1. As a footprinting exposure proxy, order 34, 8, 62 by other Cβ within 10 Å, with the fewest listed first.
2. Based only on other Cβ atoms within 10 Å, what is the fewest-to-most ordering of 30, 51, 2?
3. Taking neighbour counts of Cβ atoms within 10 Å as a proxy for exposure, in what order, fewest first, do 72, 63 appear?
4. Once label points are set 7 Å from the Cα along Cα→Cβ at both residue 21 and residue 79, what is their separation, rounded to one decimal in nm?
5. Roughly how many whole Å is it from the C-alpha centroid of the stretch 1-25 to that of the stretch 27-85?
6. Note the full-extension length gain between residue 64 and residue 14 as 0.36 nm times their separation in residues minus their Cα-Cα distance, in nm to one decimal.
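No value in this document is a laboratory result; all are computed from the given coordinates. Model, not experiment: these values are computed from the prediction. Quick reminder, even Gly has a Cβ in these numbers, built from the backbone with ideal geometry, and neighbours come from all protein chains shown.
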């Protein structure tokens, strides 16, 4: 297992209530390393943090780990299915739908 994956797994599992639900996918392309994180929907708040500060800190630390290995590392946090944010997004109208309802 790559050092950056081990690091991310250690940090995330220490933060969440459901460490068995943590999944990390690592892909490499010409842009660098993309790490995709999936966690239990109940743990999303712990990973994102207040105003996204925890997620920003994790991304910063991953970039430092990447620099040590001469790689550019980015983190994508997947929104779990059935989360509150996804329900709000799917329930809200698009701008075009709202404008057509106005019938100006």
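1. By the 10 Å Cβ count, ascending, the order reads 34, 62, 8.
2. The most exposed by this proxy come first: 30, 51, 2.
3. On the way: 72 11, 63 17.
So the ranking, lowest neighbour count to highest, is 72, 63.
4. According to this spin-label approximation, the distance is 1.7 nm.
5. About 10 Å separates the Cα centre of the stretch 1-25 from the one of the stretch 27-85.
6. 16.1 nm
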